[in-house]
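Notes for the one structure printed next.
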Amino acid sequence: MSAVVEARELGRWYGDVVGVSDVSVTIEGGIVGLLGANGAGKSTFLKLLVGELKPSRGSIRVLSEVPFANARLYRRLGFSPQQDALWGDLTARGTLEFLLRASGFPRAEARDRADRALRRVQLESAADRRVAGFSKGMRQRVRIAQAIAHDPEFVVLDEPLNGLDPLARRAALELFRELAAHGAHVLVSSHVLHEVEELTRTVLLLHRGRVLAQGSARDIRALLDRRPRRVAIRARDPKRLARALLTLDGVSAVRVGEDGALEVETRDLAELETRLPALAAEVRAGVRRLAIADASLDALFDELVGGAR
Amino acid sequence: MIRLLQASALHAAMHLPRLLRSRRTLIVLLLALAPALVAWLAGRLNSSNAPGEIAIAVGWIFVLQLVVPLVGLVSGSAAIADEVEDRTLTYLFTRPMPRASLLLGRWAASALLLTAMLGLGVGLFLQAAALARGAGQPLEWGIGAPLLCATLAGGLVYSALAAALGCFVKNPIVVGLAYAFAVEGFLANLPGKNQVLTVQFHLRSLLAQHASPAWAQFEGFTGAGLLEGTTSAAVLGCLTLGALLAGAWRLSRREFVLAS
(Lines give C-alpha, C1' and ligand atoms only; values in the text may rest on other atoms or scores of the structure.)
Protein backbone atom coordinates (compact mmCIF):
# COMPACT_ATOMS: atom_id res chain seq x y z
CA MET A 1 0.00 0.00 0.00
CA SER A 2 1.38 3.43 -0.90
CA ALA A 3 1.72 6.06 1.79
CA VAL A 4 -1.21 8.33 2.57
CA VAL A 5 1.03 11.38 2.88
CA GLU A 6 4.52 11.82 1.56
CA ALA A 7 6.30 15.09 2.20
CA ARG A 8 9.82 15.75 0.99
CA GLU A 9 11.81 18.71 2.29
CA LEU A 10 8.52 20.54 2.57
CA GLY A 11 8.78 24.17 3.50
CA ARG A 12 6.31 26.98 3.71
CA TRP A 13 6.90 30.48 4.97
CA TYR A 14 4.88 33.65 5.15
CA GLY A 15 7.31 36.46 4.40
CA ASP A 16 9.95 36.10 7.10
CA VAL A 17 7.81 33.83 9.27
CA VAL A 18 8.44 30.11 8.94
CA GLY A 19 5.29 27.98 8.89
CA VAL A 20 6.97 24.64 8.31
CA SER A 21 10.54 23.97 7.31
CA ASP A 22 12.30 20.99 5.80
CA VAL A 23 9.58 18.48 6.68
CA SER A 24 10.26 15.06 5.24
CA VAL A 25 7.75 12.57 6.47
CA THR A 26 5.76 9.56 5.37
CA ILE A 27 2.40 8.81 6.93
CA GLU A 28 1.23 5.29 6.31
CA GLY A 29 -2.37 5.51 7.41
CA GLY A 30 -4.71 4.47 10.19
CA ILE A 31 -5.17 7.09 12.88
CA VAL A 32 -2.25 9.47 13.19
CA GLY A 33 -1.90 12.26 15.71
CA LEU A 34 -0.19 15.46 14.70
CA LEU A 35 1.10 16.92 17.90
CA GLY A 36 2.63 20.29 18.53
CA ALA A 37 2.33 23.38 20.64
CA ASN A 38 0.43 26.41 19.39
CA GLY A 39 2.43 27.94 16.56
CA ALA A 40 4.35 24.73 15.90
CA GLY A 41 3.19 24.66 12.27
CA LYS A 42 0.43 22.05 12.52
CA SER A 43 -2.19 24.11 10.71
CA THR A 44 0.27 25.15 8.02
CA PHE A 45 1.21 21.51 7.48
CA LEU A 46 -2.46 20.52 7.23
CA LYS A 47 -3.22 23.39 4.86
CA LEU A 48 -0.39 22.23 2.62
CA LEU A 49 -1.71 18.73 2.90
CA VAL A 50 -5.23 19.64 1.75
CA GLY A 51 -3.97 21.99 -0.94
CA GLU A 52 -5.14 25.20 0.60
CA LEU A 53 -1.55 26.43 0.46
CA LYS A 54 1.27 25.76 -1.97
CA PRO A 55 4.68 24.74 -0.67
CA SER A 56 7.37 27.42 -0.77
CA ARG A 57 9.84 24.58 -1.15
CA GLY A 58 9.84 20.79 -1.47
CA SER A 59 6.82 18.69 -2.30
CA ILE A 60 3.87 16.91 -0.78
CA ARG A 61 1.68 14.13 -2.14
CA VAL A 62 -1.53 12.98 -0.56
CA LEU A 63 -3.03 9.67 -1.68
CA SER A 64 -0.44 9.88 -4.46
CA GLU A 65 -1.81 13.20 -5.68
CA VAL A 66 -0.40 16.74 -5.61
CA PRO A 67 -3.04 18.38 -3.45
CA PHE A 68 -3.29 22.01 -4.62
CA ALA A 69 -6.64 22.58 -6.39
CA ASN A 70 -6.89 18.88 -7.18
CA ALA A 71 -10.52 17.92 -7.71
CA ARG A 72 -9.65 14.20 -7.95
CA LEU A 73 -8.14 14.28 -4.49
CA TYR A 74 -11.04 16.21 -2.96
CA ARG A 75 -13.43 13.37 -3.76
CA ARG A 76 -11.34 11.22 -1.42
CA LEU A 77 -10.47 13.79 1.22
CA GLY A 78 -12.41 15.39 4.05
CA PHE A 79 -11.06 18.41 5.90
CA SER A 80 -12.19 20.08 9.08
CA PRO A 81 -10.29 23.35 9.46
CA GLN A 82 -9.30 24.89 12.74
CA GLN A 83 -10.87 28.27 12.10
CA ASP A 84 -14.28 28.68 13.64
CA ALA A 85 -15.85 29.79 10.38
CA LEU A 86 -19.15 28.63 8.94
CA TRP A 87 -22.01 30.30 7.09
CA GLY A 88 -24.02 31.65 9.98
CA ASP A 89 -27.18 32.15 7.94
CA LEU A 90 -27.36 28.49 6.91
CA THR A 91 -28.73 25.70 9.06
CA ALA A 92 -26.54 22.76 9.98
CA ARG A 93 -28.36 20.61 7.44
CA GLY A 94 -28.23 23.38 4.82
CA THR A 95 -24.47 23.72 5.29
CA LEU A 96 -23.89 20.02 4.80
CA GLU A 97 -26.31 19.73 1.90
CA PHE A 98 -24.64 22.63 0.12
CA LEU A 99 -21.17 21.17 0.55
CA LEU A 100 -22.35 17.72 -0.47
CA ARG A 101 -23.98 19.15 -3.58
CA ALA A 102 -20.69 20.90 -4.28
CA SER A 103 -19.05 17.49 -3.96
CA GLY A 104 -21.26 16.30 -6.78
CA PHE A 105 -24.02 14.44 -4.94
CA PRO A 106 -27.58 14.74 -6.23
CA ARG A 107 -30.05 16.61 -4.04
CA ALA A 108 -31.73 13.58 -2.45
CA GLU A 109 -28.49 11.83 -1.67
CA ALA A 110 -26.98 15.02 -0.31
CA ARG A 111 -29.91 15.31 2.08
CA ASP A 112 -29.57 11.68 3.23
CA ARG A 113 -25.86 12.00 3.74
CA ALA A 114 -26.25 15.31 5.58
CA ASP A 115 -28.76 13.74 7.98
CA ARG A 116 -26.53 10.73 8.52
CA ALA A 117 -23.46 12.87 9.21
CA LEU A 118 -25.39 15.08 11.63
CA ARG A 119 -26.57 11.97 13.47
CA ARG A 120 -22.99 10.77 13.73
CA VAL A 121 -21.95 13.98 15.46
CA GLN A 122 -25.17 14.00 17.51
CA LEU A 123 -26.53 17.19 16.00
CA GLU A 124 -29.71 15.78 14.47
CA SER A 125 -31.92 17.68 16.91
CA ALA A 126 -30.31 20.98 15.86
CA ALA A 127 -30.21 20.17 12.14
CA ASP A 128 -32.67 22.89 11.18
CA ARG A 129 -31.26 25.60 13.38
CA ARG A 130 -29.06 28.33 11.97
CA VAL A 131 -25.39 27.84 12.66
CA ALA A 132 -25.10 31.46 13.87
CA GLY A 133 -26.94 30.44 17.04
CA PHE A 134 -24.72 27.43 17.75
CA SER A 135 -22.26 27.12 20.60
CA LYS A 136 -18.58 26.71 19.83
CA GLY A 137 -18.81 22.97 20.40
CA MET A 138 -21.81 22.62 18.09
CA ARG A 139 -20.01 24.52 15.35
CA GLN A 140 -17.03 22.24 15.84
CA ARG A 141 -19.33 19.26 15.32
CA VAL A 142 -20.72 20.78 12.12
CA ARG A 143 -17.17 21.15 10.87
CA ILE A 144 -16.45 17.51 11.66
CA ALA A 145 -19.73 16.42 10.06
CA GLN A 146 -18.96 18.19 6.77
CA ALA A 147 -15.55 16.52 6.70
CA ILE A 148 -16.98 13.01 6.96
CA ALA A 149 -20.33 13.36 5.18
CA HIS A 150 -19.04 12.22 1.80
CA ASP A 151 -17.30 9.14 3.28
CA PRO A 152 -13.79 10.20 2.35
CA GLU A 153 -10.86 7.84 2.33
CA PHE A 154 -8.73 10.29 4.28
CA VAL A 155 -10.08 12.61 6.96
CA VAL A 156 -7.94 15.52 8.10
CA LEU A 157 -9.06 17.21 11.29
CA ASP A 158 -7.36 20.33 12.60
CA GLU A 159 -7.81 20.58 16.39
CA PRO A 160 -11.21 18.84 16.19
CA LEU A 161 -11.64 18.57 19.94
CA ASN A 162 -11.36 22.30 20.64
CA GLY A 163 -14.52 23.65 22.17
CA LEU A 164 -16.09 20.25 22.81
CA ASP A 165 -17.36 19.37 26.27
CA PRO A 166 -16.09 16.12 27.83
CA LEU A 167 -19.04 14.06 26.59
CA ALA A 168 -18.83 15.39 23.07
CA ARG A 169 -15.07 14.93 23.16
CA ARG A 170 -15.50 11.29 24.08
CA ALA A 171 -18.07 10.84 21.32
CA ALA A 172 -15.78 12.52 18.80
CA LEU A 173 -12.87 10.25 19.72
CA GLU A 174 -15.19 7.27 19.34
CA LEU A 175 -16.27 8.56 15.94
CA PHE A 176 -12.67 8.90 14.76
CA ARG A 177 -11.96 5.33 15.88
CA GLU A 178 -15.08 4.16 14.07
CA LEU A 179 -13.97 5.93 10.87
CA ALA A 180 -10.62 4.19 11.08
CA ALA A 181 -12.28 0.86 11.80
CA HIS A 182 -14.21 1.26 8.54
CA GLY A 183 -11.01 1.76 6.60
CA ALA A 184 -10.57 5.53 6.55
CA HIS A 185 -7.26 7.14 7.39
CA VAL A 186 -7.61 9.84 10.02
CA LEU A 187 -5.10 12.59 10.76
CA VAL A 188 -5.91 14.55 13.90
CA SER A 189 -3.95 17.55 15.07
CA SER A 190 -3.80 18.62 18.68
CA HIS A 191 -1.62 20.45 21.14
CA VAL A 192 -2.74 18.22 24.00
CA LEU A 193 -0.74 15.02 24.33
CA HIS A 194 -3.29 13.00 26.28
CA GLU A 195 -5.99 13.70 23.68
CA VAL A 196 -3.83 12.19 20.99
CA GLU A 197 -2.74 9.43 23.33
CA GLU A 198 -6.36 8.36 23.80
CA LEU A 199 -6.81 8.05 20.09
CA THR A 200 -3.69 6.60 18.57
CA ARG A 201 -0.24 5.24 19.13
CA THR A 202 1.14 6.89 16.04
CA VAL A 203 2.23 10.44 16.56
CA LEU A 204 4.00 13.01 14.48
CA LEU A 205 5.55 15.68 16.62
CA LEU A 206 6.03 19.15 15.16
CA HIS A 207 7.98 21.92 16.79
CA ARG A 208 8.76 25.33 15.34
CA GLY A 209 7.85 24.10 11.90
CA ARG A 210 10.00 21.00 11.97
CA VAL A 211 9.28 17.32 12.58
CA LEU A 212 10.79 16.55 15.95
CA ALA A 213 9.77 12.95 16.31
CA GLN A 214 7.56 10.34 14.74
CA GLY A 215 6.58 7.33 16.76
CA SER A 216 4.31 6.17 19.50
CA ALA A 217 2.50 8.41 21.93
CA ARG A 218 3.69 6.11 24.70
CA ASP A 219 7.34 6.88 23.91
CA ILE A 220 6.64 10.57 24.04
CA ARG A 221 4.76 10.22 27.30
CA ALA A 222 7.64 8.21 28.76
CA LEU A 223 10.03 10.91 27.70
CA LEU A 224 7.80 13.47 29.37
CA ASP A 225 7.68 11.46 32.59
CA ARG A 226 11.41 10.67 32.70
CA ARG A 227 12.75 14.11 32.27
CA PRO A 228 13.39 16.31 35.32
CA ARG A 229 10.58 18.76 36.04
CA ARG A 230 11.26 22.30 37.12
CA VAL A 231 9.35 23.76 40.04
CA ALA A 232 9.49 27.39 41.10
CA ILE A 233 9.09 28.03 44.82
CA ARG A 234 8.93 31.29 46.74
CA ALA A 235 9.71 31.06 50.44
CA ARG A 236 10.50 33.34 53.37
CA ASP A 237 13.87 31.64 53.87
CA PRO A 238 14.85 30.20 50.49
CA LYS A 239 18.39 29.14 51.43
CA ARG A 240 17.25 27.05 54.36
CA LEU A 241 14.52 25.45 52.22
CA ALA A 242 17.04 24.78 49.44
CA ARG A 243 19.27 22.82 51.83
CA ALA A 244 16.29 20.80 53.03
CA LEU A 245 15.05 20.07 49.54
CA LEU A 246 18.35 18.57 48.51
CA THR A 247 17.75 15.78 51.02
CA LEU A 248 14.67 14.63 49.09
CA ASP A 249 14.81 11.67 46.72
CA GLY A 250 14.50 12.75 43.11
CA VAL A 251 15.64 16.34 43.60
CA SER A 252 18.66 16.75 41.36
CA ALA A 253 19.32 20.46 41.63
CA VAL A 254 18.18 23.53 43.51
CA ARG A 255 19.06 27.05 42.44
CA VAL A 256 18.42 30.21 44.41
CA GLY A 257 17.79 33.14 42.13
CA GLU A 258 18.86 36.72 42.80
CA ASP A 259 15.29 37.60 43.69
CA GLY A 260 15.22 34.79 46.24
CA ALA A 261 13.10 32.46 44.12
CA LEU A 262 14.00 28.79 44.20
CA GLU A 263 14.17 26.69 41.07
CA VAL A 264 14.02 23.01 41.89
CA GLU A 265 14.67 20.20 39.44
CA THR A 266 13.11 16.90 40.37
CA ARG A 267 12.52 13.54 38.74
CA ASP A 268 9.74 12.78 41.20
CA LEU A 269 7.25 15.59 41.18
CA ALA A 270 4.67 13.71 43.25
CA GLU A 271 7.19 13.11 46.04
CA LEU A 272 8.14 16.77 46.10
CA GLU A 273 4.50 17.91 46.23
CA THR A 274 3.73 15.46 49.03
CA ARG A 275 6.69 16.21 51.22
CA LEU A 276 7.16 19.93 50.70
CA PRO A 277 4.60 21.19 53.26
CA ALA A 278 6.07 19.15 56.11
CA LEU A 279 9.62 19.95 55.09
CA ALA A 280 8.92 23.67 54.91
CA ALA A 281 7.25 23.60 58.31
CA GLU A 282 10.15 21.66 59.79
CA VAL A 283 12.78 24.20 58.70
CA ARG A 284 10.37 27.14 59.12
CA ALA A 285 11.03 28.29 55.58
CA GLY A 286 7.49 29.68 55.01
CA VAL A 287 6.54 28.59 51.51
CA ARG A 288 4.47 31.30 49.83
CA ARG A 289 4.06 30.06 46.31
CA LEU A 290 4.73 26.96 44.21
CA ALA A 291 4.46 26.65 40.46
CA ILE A 292 5.40 23.88 38.07
CA ALA A 293 7.38 25.84 35.55
CA ASP A 294 7.34 23.41 32.65
CA ALA A 295 4.10 21.48 32.68
CA SER A 296 3.23 22.33 29.11
CA LEU A 297 4.03 20.53 25.90
CA ASP A 298 6.29 23.45 25.08
CA ALA A 299 8.60 22.34 27.83
CA LEU A 300 8.80 18.87 26.35
CA PHE A 301 9.67 20.34 23.00
CA ASP A 302 12.31 22.55 24.54
CA GLU A 303 13.65 19.47 26.24
CA LEU A 304 13.74 17.51 23.00
CA VAL A 305 15.27 20.35 21.06
CA GLY A 306 17.81 20.88 23.80
CA GLY A 307 18.60 17.18 23.70
CA ALA A 308 18.97 17.31 19.95
CA ARG A 309 21.42 20.17 20.30
CA MET B 1 -16.78 22.52 -19.40
CA ILE B 2 -20.04 20.83 -18.49
CA ARG B 3 -18.78 20.32 -14.95
CA LEU B 4 -17.85 24.02 -14.82
CA LEU B 5 -21.33 25.05 -15.92
CA GLN B 6 -23.03 22.61 -13.55
CA ALA B 7 -20.92 23.77 -10.63
CA SER B 8 -21.49 27.42 -11.55
CA ALA B 9 -25.24 26.82 -11.67
CA LEU B 10 -25.09 25.16 -8.27
CA HIS B 11 -23.18 28.09 -6.79
CA ALA B 12 -25.61 30.54 -8.35
CA ALA B 13 -28.60 28.61 -6.99
CA MET B 14 -27.07 28.43 -3.52
CA HIS B 15 -25.88 32.02 -3.49
CA LEU B 16 -29.06 33.71 -4.67
CA PRO B 17 -31.25 33.00 -1.62
CA ARG B 18 -28.40 33.98 0.69
CA LEU B 19 -27.94 37.22 -1.26
CA LEU B 20 -31.62 38.01 -0.84
CA ARG B 21 -31.19 37.89 2.93
CA SER B 22 -27.94 39.84 3.02
CA ARG B 23 -27.35 43.35 4.31
CA ARG B 24 -25.31 44.10 1.20
CA THR B 25 -28.39 43.55 -1.00
CA LEU B 26 -30.35 45.98 1.14
CA ILE B 27 -27.63 48.60 0.64
CA VAL B 28 -27.64 47.98 -3.11
CA LEU B 29 -31.43 48.26 -3.20
CA LEU B 30 -31.39 51.55 -1.30
CA LEU B 31 -28.73 52.93 -3.63
CA ALA B 32 -30.69 51.75 -6.68
CA LEU B 33 -33.82 53.47 -5.40
CA ALA B 34 -32.06 56.71 -4.49
CA PRO B 35 -32.38 58.26 -7.99
CA ALA B 36 -36.17 57.94 -7.78
CA LEU B 37 -36.14 60.01 -4.61
CA VAL B 38 -33.81 62.57 -6.18
CA ALA B 39 -36.04 62.84 -9.27
CA TRP B 40 -39.15 63.22 -7.14
CA LEU B 41 -37.48 65.95 -5.07
CA ALA B 42 -36.24 67.71 -8.22
CA GLY B 43 -39.77 67.82 -9.55
CA ARG B 44 -41.25 68.95 -6.25
CA LEU B 45 -38.69 71.58 -5.31
CA ASN B 46 -38.62 73.34 -8.68
CA SER B 47 -41.86 73.33 -10.61
CA SER B 48 -40.16 74.56 -13.78
CA ASN B 49 -38.20 71.30 -14.12
CA ALA B 50 -39.63 69.23 -16.98
CA PRO B 51 -39.79 65.38 -16.77
CA GLY B 52 -37.32 64.89 -19.64
CA GLU B 53 -34.85 67.38 -18.21
CA ILE B 54 -34.89 65.65 -14.84
CA ALA B 55 -34.50 62.22 -16.41
CA ILE B 56 -31.55 63.37 -18.51
CA ALA B 57 -29.72 65.38 -15.86
CA VAL B 58 -30.23 62.99 -12.94
CA GLY B 59 -29.92 59.97 -15.23
CA TRP B 60 -26.54 60.93 -16.60
CA ILE B 61 -24.92 62.59 -13.58
CA PHE B 62 -26.45 60.70 -10.67
CA VAL B 63 -27.52 57.34 -12.07
CA LEU B 64 -24.79 56.48 -14.55
CA GLN B 65 -21.83 58.27 -13.02
CA LEU B 66 -22.50 57.59 -9.36
CA VAL B 67 -25.13 54.95 -8.62
CA VAL B 68 -24.20 52.45 -11.33
CA PRO B 69 -20.48 52.18 -10.43
CA LEU B 70 -21.32 52.15 -6.75
CA VAL B 71 -23.95 49.40 -6.82
CA GLY B 72 -21.96 47.39 -9.36
CA LEU B 73 -18.89 47.43 -7.17
CA VAL B 74 -20.74 46.78 -3.92
CA SER B 75 -22.67 43.92 -5.47
CA GLY B 76 -19.78 42.30 -7.39
CA SER B 77 -17.20 42.52 -4.64
CA ALA B 78 -19.19 40.03 -2.56
CA ALA B 79 -18.51 37.17 -4.96
CA ILE B 80 -15.15 36.01 -3.61
CA ALA B 81 -14.02 38.57 -1.07
CA ASP B 82 -16.80 37.66 1.39
CA GLU B 83 -15.72 34.03 1.49
CA VAL B 84 -12.12 35.07 2.04
CA GLU B 85 -13.07 37.50 4.77
CA ASP B 86 -15.34 34.96 6.48
CA ARG B 87 -12.65 32.26 6.05
CA THR B 88 -15.25 29.88 4.62
CA LEU B 89 -13.36 29.59 1.34
CA THR B 90 -11.58 26.52 2.74
CA TYR B 91 -14.76 24.44 2.50
CA LEU B 92 -15.36 25.42 -1.11
CA PHE B 93 -11.77 24.99 -2.23
CA THR B 94 -11.59 21.46 -0.85
CA ARG B 95 -14.54 20.24 -2.94
CA PRO B 96 -14.18 18.41 -6.24
CA MET B 97 -15.31 21.20 -8.53
CA PRO B 98 -13.58 23.80 -10.66
CA ARG B 99 -12.59 26.79 -8.56
CA ALA B 100 -13.63 29.10 -11.39
CA SER B 101 -17.23 27.98 -10.91
CA LEU B 102 -17.26 29.79 -7.59
CA LEU B 103 -16.63 33.13 -9.26
CA LEU B 104 -18.87 32.51 -12.26
CA GLY B 105 -21.80 31.14 -10.28
CA ARG B 106 -21.73 33.71 -7.56
CA TRP B 107 -21.29 36.56 -10.01
CA ALA B 108 -24.21 35.26 -12.07
CA ALA B 109 -26.42 35.26 -8.97
CA SER B 110 -25.41 38.75 -7.93
CA ALA B 111 -25.72 40.01 -11.53
CA LEU B 112 -29.26 38.66 -11.73
CA LEU B 113 -30.25 40.38 -8.53
CA LEU B 114 -28.43 43.56 -9.50
CA THR B 115 -30.19 43.66 -12.85
CA ALA B 116 -33.55 43.31 -11.13
CA MET B 117 -32.78 46.02 -8.60
CA LEU B 118 -31.34 48.45 -11.15
CA GLY B 119 -34.29 47.78 -13.46
CA LEU B 120 -36.69 48.53 -10.64
CA GLY B 121 -34.65 51.58 -9.64
CA VAL B 122 -34.62 53.05 -13.15
CA GLY B 123 -38.33 52.26 -13.60
CA LEU B 124 -39.25 54.09 -10.41
CA PHE B 125 -36.84 56.88 -11.28
CA LEU B 126 -38.55 57.46 -14.63
CA GLN B 127 -41.94 57.32 -12.93
CA ALA B 128 -40.80 59.90 -10.40
CA ALA B 129 -39.37 62.11 -13.15
CA ALA B 130 -42.67 61.87 -15.05
CA LEU B 131 -44.45 63.44 -12.08
CA ALA B 132 -42.61 66.75 -12.64
CA ARG B 133 -44.83 69.55 -13.97
CA GLY B 134 -42.34 71.66 -15.93
CA ALA B 135 -43.24 72.54 -19.49
CA GLY B 136 -39.91 71.82 -21.21
CA GLN B 137 -38.55 68.52 -22.51
CA PRO B 138 -41.11 65.72 -22.15
CA LEU B 139 -40.11 62.27 -21.00
CA GLU B 140 -39.88 60.15 -24.12
CA TRP B 141 -38.88 56.63 -25.08
CA GLY B 142 -35.54 57.86 -26.43
CA ILE B 143 -34.60 59.01 -22.96
CA GLY B 144 -35.89 56.18 -20.79
CA ALA B 145 -35.04 53.06 -22.82
CA PRO B 146 -31.38 53.88 -23.53
CA LEU B 147 -30.93 54.99 -19.94
CA LEU B 148 -32.23 51.62 -18.75
CA CYS B 149 -29.94 49.74 -21.16
CA ALA B 150 -26.87 51.78 -20.21
CA THR B 151 -27.66 51.39 -16.50
CA LEU B 152 -27.97 47.62 -16.74
CA ALA B 153 -24.87 47.32 -18.93
CA GLY B 154 -22.86 49.54 -16.60
CA GLY B 155 -24.02 47.60 -13.54
CA LEU B 156 -22.94 44.31 -15.07
CA VAL B 157 -19.55 45.63 -16.16
CA TYR B 158 -18.70 47.20 -12.82
CA SER B 159 -19.90 44.17 -10.86
CA ALA B 160 -17.81 41.83 -13.06
CA LEU B 161 -14.78 44.07 -12.53
CA ALA B 162 -15.32 44.02 -8.76
CA ALA B 163 -15.87 40.27 -8.70
CA ALA B 164 -12.68 39.70 -10.67
CA LEU B 165 -10.76 42.14 -8.49
CA GLY B 166 -11.75 40.01 -5.51
CA CYS B 167 -9.61 37.23 -6.99
CA PHE B 168 -6.57 39.50 -7.15
CA VAL B 169 -6.71 41.87 -4.20
CA LYS B 170 -7.88 41.78 -0.62
CA ASN B 171 -10.18 44.82 -0.78
CA PRO B 172 -11.82 44.78 -4.19
CA ILE B 173 -14.34 47.42 -3.28
CA VAL B 174 -11.65 49.95 -2.33
CA VAL B 175 -9.63 49.27 -5.49
CA GLY B 176 -12.84 49.28 -7.55
CA LEU B 177 -13.95 52.62 -6.15
CA ALA B 178 -10.50 54.08 -6.78
CA TYR B 179 -10.71 52.86 -10.37
CA ALA B 180 -14.27 54.03 -11.00
CA PHE B 181 -14.01 57.44 -9.43
CA ALA B 182 -10.34 58.36 -9.59
CA VAL B 183 -8.74 56.53 -12.53
CA GLU B 184 -11.72 56.84 -14.86
CA GLY B 185 -12.17 60.48 -13.87
CA PHE B 186 -8.51 61.15 -14.59
CA LEU B 187 -8.58 59.35 -17.94
CA ALA B 188 -11.76 61.14 -18.95
CA ASN B 189 -10.06 64.49 -18.50
CA LEU B 190 -6.92 63.69 -20.41
CA PRO B 191 -6.76 65.00 -23.99
CA GLY B 192 -6.85 62.59 -26.89
CA LYS B 193 -8.51 59.22 -27.05
CA ASN B 194 -7.88 58.15 -23.49
CA GLN B 195 -11.57 58.20 -22.71
CA VAL B 196 -11.95 55.05 -24.76
CA LEU B 197 -10.35 53.26 -21.84
CA THR B 198 -13.19 54.15 -19.49
CA VAL B 199 -16.48 52.36 -18.93
CA GLN B 200 -18.23 55.71 -18.71
CA PHE B 201 -17.20 56.60 -22.25
CA HIS B 202 -18.85 53.50 -23.62
CA LEU B 203 -21.99 54.04 -21.57
CA ARG B 204 -22.16 57.54 -23.02
CA SER B 205 -21.67 56.13 -26.52
CA LEU B 206 -24.59 53.77 -25.91
CA LEU B 207 -26.81 56.65 -24.90
CA ALA B 208 -25.73 59.01 -27.67
CA GLN B 209 -26.18 56.45 -30.41
CA HIS B 210 -29.65 55.28 -29.60
CA ALA B 211 -31.13 58.06 -27.54
CA SER B 212 -33.12 61.19 -27.91
CA PRO B 213 -31.33 64.31 -29.21
CA ALA B 214 -32.18 65.77 -25.82
CA TRP B 215 -29.06 64.10 -24.42
CA ALA B 216 -27.01 66.48 -26.54
CA GLN B 217 -27.43 69.18 -23.88
CA PHE B 218 -24.52 67.51 -22.05
CA GLU B 219 -21.00 68.20 -23.07
CA GLY B 220 -19.48 65.06 -24.48
CA PHE B 221 -22.64 63.66 -26.07
CA THR B 222 -22.23 65.68 -29.23
CA GLY B 223 -18.57 65.12 -29.86
CA ALA B 224 -17.50 63.19 -32.91
CA GLY B 225 -15.23 61.04 -30.72
CA LEU B 226 -18.03 58.77 -29.50
CA LEU B 227 -18.15 55.21 -30.78
CA GLU B 228 -21.00 53.45 -32.49
CA GLY B 229 -23.45 52.13 -29.93
CA THR B 230 -22.96 48.55 -31.10
CA THR B 231 -19.19 48.91 -30.86
CA SER B 232 -19.44 50.20 -27.33
CA ALA B 233 -21.86 47.43 -26.39
CA ALA B 234 -19.36 44.91 -27.75
CA VAL B 235 -16.51 46.56 -25.84
CA LEU B 236 -18.52 46.45 -22.60
CA GLY B 237 -19.42 42.82 -23.24
CA CYS B 238 -15.79 41.92 -23.87
CA LEU B 239 -14.73 43.82 -20.77
CA THR B 240 -17.24 41.89 -18.65
CA LEU B 241 -16.20 38.57 -20.13
CA GLY B 242 -12.50 39.42 -19.95
CA ALA B 243 -12.77 40.44 -16.30
CA LEU B 244 -14.55 37.20 -15.42
CA LEU B 245 -12.06 35.07 -17.35
CA ALA B 246 -9.10 36.84 -15.73
CA GLY B 247 -10.71 36.41 -12.30
CA ALA B 248 -11.45 32.73 -12.97
CA TRP B 249 -7.89 32.14 -14.16
CA ARG B 250 -6.47 33.81 -11.07
CA LEU B 251 -8.82 31.97 -8.73
CA SER B 252 -7.77 28.64 -10.19
CA ARG B 253 -4.13 29.30 -9.39
CA ARG B 254 -4.09 31.51 -6.37
CA GLU B 255 -3.73 30.38 -2.79
CA PHE B 256 -5.57 32.32 -0.13
CA VAL B 257 -3.90 32.49 3.25
CA LEU B 258 -6.77 32.38 5.72
CA ALA B 259 -6.12 33.05 9.39
CA SER B 260 -6.78 30.09 11.70
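A compact table of results
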| read-out | value |
| --- | --- |
| Karplus 3J(HN,Hα) series, Hz, for the range B:32-42 with 6.51 cos²θ - 1.76 cosθ + 1.60 (x for Gly, Pro) | 5, 8, 4, x, 4, 5, 4, 5, 5, 5, 4 |
| Mean residue ellipticity (222 nm) of the protein assembly as shown, computed from DSSP H runs ≥ 4 via -39,500 (n - 2.57), nearest 500 | -16500 deg cm²/dmol |
| 1.4 Å probe, heavy atoms, protein only - residues of the range B:227-260 losing at least 40 Å² accessible area vs chain alone | B:Glu255, B:Val257, B:Ser260 |
| Residues whose placed amide H lies under 5 Å from that of A:Val211, excluding near-sequence neighbours | A:Ser24 |
| Residues losing 30 Å² or more accessible surface upon assembly, the range B:68-110, compared with the chain by itself, 1.4 Å | B:Arg87, B:Thr88, B:Thr90, B:Tyr91, B:Leu92, B:Thr94, B:Arg95, B:Pro96, B:Arg99 |
| Using a Förster distance of 22 Å, the FRET efficiency for A:Asp84-A:Gln122 (Cβ separation, nearest 0.05) | 0.70 |
| Antiparallel %, DSSP beta bridges [both residues in the protein assembly as shown], to 5 | 65 percent |
| Accessible surface of the range A:1-124 [probe 1.4 Å, protein heavy atoms]: carbon and sulfur percent | 45 percent |
| DSSP beta bridges in chain A [antiparallel fraction, %, rounded to 5] | 65 percent |
| Residue-normalised accessible area of chain B, given per residue in Å² at a 1.4 Å probe | 44 Å² |
| Size of the B/A contact, given as accessible area buried on both chains, probe 1.4 Å, in Å² | 2800 Å² |
| Fraction of beta bridges assigned by DSSP in the range A:226-301 that are antiparallel (%, nearest 5) | 100 percent |
| Degrees separating the helix A:107-120 axis from the principal Cα axis of chain A, which is the longest one | 20 degrees |
| Area of B:Ser75 that stays accessible when all protein chains are in place (1.4 Å probe, Å², to 10) | 10 Å² |
| Sites B:Asp86 and A:Val66 - FRET efficiency at Förster radius 22 Å, r taken between beta-carbons, to 0.05 | 0.20 |
| B:Val71, A:Val17, reordered so the largest accessible area comes first (probe 1.4 Å) | A:Val17, B:Val71 |
| Net charge, A:Ala253 excluded, C-beta distance under 12 Å - Lys, Arg +1, Asp, Glu -1 | +2 |
| Förster radius 56 Å - calculated FRET efficiency between B:Leu4 and A:Thr26 (Cβ-Cβ, nearest 0.05) | 0.95 |
| Calculated from backbone phi, Karplus (6.51, -1.76, 1.60) coupling profile of the range A:86-92 in Hz, x at Gly/Pro | 8, 7, x, 7, 8, 7, 4 |
| Added length on full extension, which subtracts the Cα-Cα distance from 0.36 nm per residue, A:Ala3 to A:Ile292 | 100.0 nm |
| Probe 1.4 Å - accessible area at B:Cys238, Å² to nearest ten | 90 Å² |
| Amide H contacts of A:Phe79 (H built 1.01 Å from N, under 5 Å, at least 5 apart or other chain) | A:Val156 |
| From the C-alpha gyration tensor of chain A, square roots of 5λ in Å | 45, 23, 16 |
| Accessible surface, 1.4 Å probe, highest first, among residues B:Phe186, A:Phe79 | B:Phe186, A:Phe79 |
| Heavy-atom SASA rank of B:Met97, B:Met1 (probe 1.4 Å, accessible area, largest first) | B:Met1, B:Met97 |
| In nm, spacing of pseudo-spin labels at B:Leu16 and B:Gln127 (7 Å Cα→C-beta vector) | 2.3 nm |
| Rounded accessible area of B:Phe256 (nearest 10 Å², 1.4 Å probe) | 10 Å² |
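The values are calculated or read from the model by the stated rules, or taken from the named source; none is laboratory data. Note that the structure is a prediction, hence the values are computed from the model and not measured. We place every Cβ from the backbone using ideal geometry, glycine too, and count neighbours over all the protein chains shown. Accessible surface areas use protein heavy atoms only, side chains included; no ligands, DNA or RNA. Shrake-Rupley method; radii C 1.70, N 1.55, O 1.52, S 1.80 Å.
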